[in-house]
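Everything below concerns the one structure shown next.
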Amino acid sequence: MSIIDLTSMAEPEGEQQDKINEILKTLKEDIPNDCYQCGKCTSGCEAFILLELEPHKVMALSKSGFIDELLNSDVIWTCVTCLKCKERCPQDLAPVDVIFALKNIAVASGKQIDTGISNMLQSVLGSGYIQQPKEVVDKDNKAVTRDSLGLPSLPAPKEIQKLQQVLMKAATETLG
Amino acid sequence: MDKIGLYLGCLIPTEQYAYEMALREVLPDLGIELVDVEGVACCGAPLRHINLSLTMYLSARNMAIFEKEGLDILAPCPYCHQALSEAKHVMENNPALKAKINSNLETEGLTYKGTIKHYHVLDLLHDVIGIDNIKEHVEEPLDANIAAHYGCHLIRPNDIPRPDDSENPQKLETLLKTIGAKSDYYKEKLDCCGAHIMVNESESALTKTGQKLQAVEEQGFDALTTLCPWGHRMFDAKQEDAAKVVGGSIDVPVLYYLQLLGIAMGKDQNTLGLTLNLSPTDKLSFIEEEI
Amino acid sequence: MVKIGVFICHCGTNIGGVVDIDELVEFSSRLDDVVFATDYKYMCSDPGARVIKEAIEEHELTRVVVTSCSPRMHEPTFQSVIEDAGLNRFCLEMANIREHCSWVHKDKKEEATQKAKELVAMAVRKSKTLEPLKSFQKEVVHDALVIGAGIAGIQASLDLAEAGKKVYLVEREPSIGGRMAQLDKTFPTLDCSSCILTPKMMDVARHPNIELLTYSEVTEVDGSVGDFDVKVKRKPAYVDWDKCNGCGECAQVCRMKGRVEDEFNEGLGKRSAIYVPFQQAVPLKYTIDPNKCLMLLSGRCGESPPCQDVCELGAIDYEQEEEMMELNVGSIIVATGYDMMDPNGMYEYGYDHSPDIITNLEFERLISSSGPTSGEIRRISDGEEVKSVSFILCVGSRDQDLQEYCCRIGCMSALKHAYLLRDHLGDEVDLNICYTDIRSFGKGYEEFYRRIRDGNTTLIRGRPSEINVEKDGSINFNVFDTMTQKLLQVNSDLVVLVPALVPRKDSGELSQILRISEGTDGFFLESHPKLKPADTATDGVFIAGCCQGPKDIPDAVAQASGAASKAMGIISREELESDPMIAWVDEDICVGCGVCIDVCPYSARELNEVTGIAEVDEILCTGCGGCIAACPSNACIHKNMTKQQILRMIDEVI
Ligand SMILES: Cc1cc2nc3c(=O)[nH]c(=O)nc-3n(C[C@H](O)[C@H](O)[C@H](O)COP(=O)(O)OP(=O)(O)OC[C@H]3O[C@@H](n4cnc5c(N)ncnc54)[C@H](O)[C@@H]3O)c2cc1C
Ligand code: SF4
Ligand code: SF4
């Protein structure tokens, strides 16, 4: 590599970059290289003011290959998926999908993730849904359930083990 | 169309019961027979953070099940609707991916062909049932100025088919006018409700919710309506929490559009799940005090 | 007996670096009837030409095959070379082993060499049956037509007229001047636009060699280079221009006064139904807008139409009708300019939500002393004082969903406007320019940019995601400045959007009439992006100004003069040599069905009443091949491109 980041001594990571691009290509999206840093995405990013997510910077770092610092940062987990960046990018790019790709890569490389998010996965693997029907309270603080409201029972996968197996398999496969 | 398969996803049938009740109550009267379909599961969207393959697989799987039943899909949750739309769109444009997903679907005895359509409540009402038809069912026009919140995933991104325009959606406003209500321009209507980061960054999420609600109040609306269970949960159930985070009190009645439609159709308000709305809906003149 | 020579060009390393030249020479020399084969580094150079000439003499060659680049560029070169050596120029065949071979198969040398061999073999096979053809002369019409009278059309017309040629200048609007007439000052020198344009407009009006046809449109073009037949539709102005002296009393009394949206002022002002677009209009003749005149719409205008009452010259004529005019010209210059993209294409920028969000062209009218506010800058919504103005660049330009290209004038227009605003409103006004890359590439442009940097303009390197219009009408937006890394909130009394420049709405129709092509961007396509910027695919038709692509005035004027001199090259000749590679009819086969007559776009086919055979007018035929494909009896033949010749070439490779 002919380039080194002197603040961290990091070098661009071609391999990580390929992984991002591979996911984007599956989705038939253009890769970050086309980004000309107009900043329109960050100007409208719903997560920026509160949580300092800068999609244009995510694009620049992905494009130049300094990807580890993104994978190690919490910032990629702050995207609210409002999709405004993808909607409005003049180069038809999708920072939100780059952020999703980065999260996928972080998970695959064993990075610690928020339990709220991992619980959803466990729940889907166990029952097919991110959560089970809840008892909720109404205006008068009375607890109600699907049953008490007269709603039919929740449809569920017939053979949950099979679904579990396929999901475990799909998770290890590269798309494409 | 008369029969449509109902695909509720995760959030509606596990806690947003009011939406489901209103759906089941109102749509049959407008000539739509809802069919519950066995064997479906999560649309996969919430797992996209973890692994895109899971999302694609689950979306394809659900569509394959409806395909087998020969039913088009009604997905009242924008998040589900978008996941299905995206999976369909990507598989159409990427045959290799479609083949790979199909080989996995085989394990569960399924195949995805891509022959059925899916709808959200917004386009089902506006484009399929039709404004004129709805108008005929209105018995008690609502007198209120109601802000419309679409939900990010319902209208974006425009490179896959969405039920309404991404920058200037108007169908929900039109539907509000159809039931006699007013719906002024709500400047923040395209903005995020915060739901997506509620699990890991709840304070920031609630700030979003609070700001949107404050804007509704400041602009003089009487209420806020949505067709999204995620948005509704934030605006309605989390309204008090949101008020605490942004400081001050917020007092905005929040209702699903289908609840409003049901009221305008003269339905027994008990059947529309109105007791489940935690926001101050009784501020509205057309809400019966004791249900 | 045929004796063929094969001449293989390396084109430096373009071909030589990929194709095995020695092998190709060896292969060629073994082909039937080839008596000589050789190679040279640059066959198109003088020494290369000598190689060919000497070989023709020495080996008494009767046919020459040059294997090099596309014939587009060098076919005429090699034709002249063999003609010099005494051969008929049509005894040349070229094989394109550069564009069709070495360039596209750079990484596959062996396969490229194999393909080159096949291309040479095909060319050699065809060359055997090439017929010597004779060009013939056709007379040239010395007049020219210019379509569109913006600065480019005006410049081209004046150049031709000064050179002594008669010019018909057709303009769609009631006045000439185009967009430049709408501008206030012009970058980078800040000359007043009308001060430099009006004299030119007057020159046009006065020039004895220019026949000005305003309020007119070209509807049909027939014929070919040197001799075009053109039909021009003259729209009724409902005013007898021979009588009208431009006094304007009529507009003063018009019942629609102040009620018709004024296009020249980009909708910022109002006019009457009878109007001139602007005061310096050329010709200064009034026109009635048929879509707004009460008389024309309903046959009634109060008791009696006031315009007619007030016009002492009796110029008003509600009965006037459209007229068709026929012109005969040798060459045509198209200079129809550009439109502005509708900013609603980028809905998030709120153009629809506030009258105070305007385009840069609207701004030109706002700041112009001849504009609707006489140059006074006030908020459009409520006439309040303007304390801050923001410019948003690249609205719809450099955009994959809208216009992919750069508008080339947006950056400079914003810098210019910032300068003028500071000048008009003083130090108090806040000026912000949101840019992505300032492109100040022209002469004197970077220097101008520095003047703005020196001043008090806030240059924000970023692009807002959306522009908000509050309930009270105030405007604000957030923009992330990628330089300071800060998200800025900008409150602005006036927002000026800088939208993309796009082709004229009807440019597709015009390109069909003229049989010229449009590029993927919709602008008219030049023959060669570098070397033939004013030529089109149709001989004798040239393009100038923004109809070929967005550009500034200096470039538009330069291209216009270029187009004029190209047109001169045709119309100043007495005769043109006509390409003999055209259609020919085998009289023994033709059954006179007439299919060819319908398909020929050049009206070059006619049925001979006596013989019953469809003949070819050799002057009109351009050799496009339409009739050859259409003829059901295979009686139409393309000279030196016959079916047999093509089949033999195919035989050679399969
Ligand atoms: C806001 C703004 C500011 C600018 N400022 C500057 C500046 O300061 N300096 C600078 O160098 N450049 C500037 N430009 C660029 C400048 O406007 C153009 O370079 C110039 O006007 C191009 O002239 P044109 O003759 O090619 O086209 P146009 O001016 O568009 O003229 C074309 C003419 O053809 C006519 N026409 C169109 N279609 C037909 C038809 N079918 N039949 C007959 N007639 C037809 C039109 O009516 C028009 O009169 C600016 C542009 C904009 C938008
Ligand atoms: S909007 Fe698109 S081009 Fe602009 S900085 Fe963001 S990703 Fe890059
Ligand atoms: S989708 Fe995420 S990154 Fe994109 S603008 Fe919204 S919050 Fe920001």
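Here chain B is treated with +1 on each Lys and Arg Cβ and -1 on each Asp and Glu Cβ, and its dipole about the Cα centre works out to around 1160 debye.
With the charge dipole of chain C set up from +1 on Lys and Arg Cβ and -1 on Asp and Glu Cβ about the Cα centre, the Cα lying farthest toward the positive end among the listed residues C:Ala583, C:His59, C:Ile628 is that of C:His59.
Beta bridges assigned by DSSP with both partners in chain C are antiparallel in approximately 50 percent of cases. All Cα-Cα separations within chain A were binned at 10 Å from zero, giving a P(r) of 9, 28, 29, 20, 11, 3, 1, each value a whole percent of the pairs. Using equal-weight Cα scatterers in the Debye expression, the normalised intensity of chain B in log10 at q = 0.08, 0.14 Å⁻¹ is -0.33, -1.01. Counted over all Cα-Cα pairs of region C:98-188, pairs farther apart than 19 Å make up 69 percent. Magnitude of the charge dipole for the protein assembly as shown, about its Cα centre and with charges confined to Cβ atoms of Lys, Arg (+1) and Asp, Glu (-1), is about 1720 debye.
GNM remark for chain B: springs join alpha carbons under 10 Å apart, and the peak mean-square fluctuation among B:Val199, B:Val37, B:Val121 falls on B:Val199. Among C:538-544, C:588-594, sorting by the average number of other beta carbon atoms lying within 10 angstrom of each residue, highest first, gives C:538-544, C:588-594.
Which distance in Å, rounded to a whole number, links the C-alpha centroids of region B:53-105 and region C:262-339? Spelled out, the Cα-based centre of one part sits 59 Å from the other.
Net charge around B:Thr14, counting only other residues with Cβ within less than 14 Å of its Cβ (Lys, Arg = +1; Asp, Glu = -1)?
Summing Lys/Arg as +1 and Asp/Glu as -1 gives -1.
Within chain A, A:Cys35, A:Cys38, A:Cys45, A:Cys79, A:Cys89 have no other Cys Cβ under 4.7 Å of their Cβ and so lack a disulfide-compatible partner by this rule. Rounded to whole numbers, the Karplus 3J(HN,Hα) couplings from phi for region C:195-203 are 5, 8, 8, 4, x, 5, 5, 5, 4 Hz, using 6.51 cos²θ - 1.76 cosθ + 1.60 with θ = phi - 60°, and x at Gly and Pro. When GluC sites (Glu not before Pro) are flagged only if DSSP places them in a loop and at most 10 other Cβ atoms lie within 10 Å, the longest unflagged stretch of chain C comes out as C:1-302.
When both region C:1-79 and region C:106-161 are represented by their alpha-carbon centers, they are found 20 Å apart. Note on C:Lys639 and C:Phe441: the extension gain reaches 66.4 nm, defined as 0.36 nm multiplied by sequence separation minus the Cα-Cα distance. Inter-chain Cβ neighbour count for B:51-64, averaged per residue, equals 5 (cutoff 10 Å, partner chain atoms only). Electrostatic tally near A:Gln132: other residues with Cβ closer than 14 Å to its Cβ, Lys and Arg +1, Asp and Glu -1, net -1. Relative to the compact-globule estimate of 2.2 N^0.38 Å, the Cα radius of gyration of region C:186-318 comes out at 1.25. Antiparallel beta bridges, as assigned by DSSP with both residues in region C:339-502, represent about 40 percent of the total such bridges. The dipole here belongs to region C:438-592: it is taken about the Cα centre, uses +1 on the Cβ of Lys and Arg and -1 on the Cβ of Asp and Glu, and is about 1220 debye. Rounded to the nearest whole angstrom, the semi-axes of the ellipsoid equivalent to region B:141-283, taken from the Cα gyration tensor as √(5λ), stand at 22, 20, 14, largest first. Fewest-first ordering of C:Thr129, C:Thr457 by other beta carbons within 10 Å of each residue's beta carbon gives C:Thr129, C:Thr457.
Radius of gyration (Cα atoms) of chain C, expressed as a multiple of 2.2 N^0.38 Å: 1.18. Residue by residue along B:102-110, Cβ atoms of other protein chains within 10 Å of the local Cβ number 3 on average. As a length-normalised measure over Cα pairs under 8 Å and 6 or more apart, the relative contact order of region C:579-638 settles at 46 percent. Each residue, B:Ser202 and B:Lys135, gets one label point 7 Å from its Cα in the Cβ direction; the gap between the two is 4.7 nm.
Residues C:Met201, C:Met1 in ascending order of nearby Cβ atoms (within 10 Å, fewest first): C:Met1, C:Met201. Mean silhouette area of the protein assembly as shown, derived from the convex hull of its C-alpha atoms and averaged over all directions, reads 55.5 nm². The distance separating the Cα centre of region B:130-202 from that of region A:57-131 comes to 28 Å.
Among A:His56, C:His424, C:His528, B:His126, the order by Cβ neighbours within 10 angstrom, fewest to most, reads C:His528, C:His424, B:His126, A:His56. Contact order for chain C, expressed relative to its length and based on alpha carbon pairs under 8 Å spaced 6+ residues apart, stands at 13 percent.
Relative to the globular-protein estimate of 2.2 N^0.38 Å, the Cα radius of gyration of region C:339-502 stands at 0.97. With R₀ fixed at 56 Å, the C-beta to C-beta distance from C:Asn209 to C:Arg378 puts the FRET efficiency at about 0.75. Neighbours of B:Pro28 by Cβ distance under 12 Å: Lys/Arg scored +1, Asp/Glu scored -1, total -1. Give me log10 I(q)/I(0) at q = 0.13, 0.14, 0.20, 0.22 Å⁻¹ for region C:4-127, Debye formula, one equal scatterer per alpha-carbon, no solvent. The calculated log intensity ratios at q = 0.13, 0.14, 0.20, 0.22 Å⁻¹ are -0.42, -0.49, -1.04, -1.27.
Could you work out the Rg to Rh ratio of region B:2-119, with Rh taken as the Kirkwood radius (inverse of the mean 1/r over all Cα pairs)?
My calculation of the ratio gives 0.97.
If you run the Gaussian network model on chain A, springs between alpha carbon atoms under 10 Å, then out of A:Val98, A:Val80, A:Val136 the most flexible one is A:Val136.
To check you understand DSSP bridge types, tell me what percent of the beta bridges within the protein assembly as shown (both residues inside) are antiparallel, rounded to 5. All intermediate terms of the calculation are to be shown ahead of the outcome.
Values: 52 of 117 bridges.
Beta bridges within the protein assembly as shown, antiparallel portion: roughly 45 percent.
For region C:71-78, 3J(HN,Hα) computed residue by residue from phi via the Karplus equation (6.51, -1.76, 1.60; θ = phi - 60°) reads x, 3, 8, 10, 4, x, 4, 6 Hz, glycine and proline entered as x.
All Cα-Cα distances of region C:122-266, cut into 10 Å bins from zero to the largest, leave 9, 27, 29, 16, 9, 6, 3, 1 percent in each bin in turn. Remark: region A:115-172 is approximated by an ellipsoid whose semi-axes, taken from the C-alpha gyration tensor as √(5λ), come to 29, 15, 5 Å, largest first.
A short reminder: the numbers here are calculations on the coordinates, not readings from a lab. All values derive from a computational prediction rather than experimental measurement. Because the Cβ atoms are built from the backbone with ideal geometry, glycine has one as well, and the counts that use them run over all protein chains shown.
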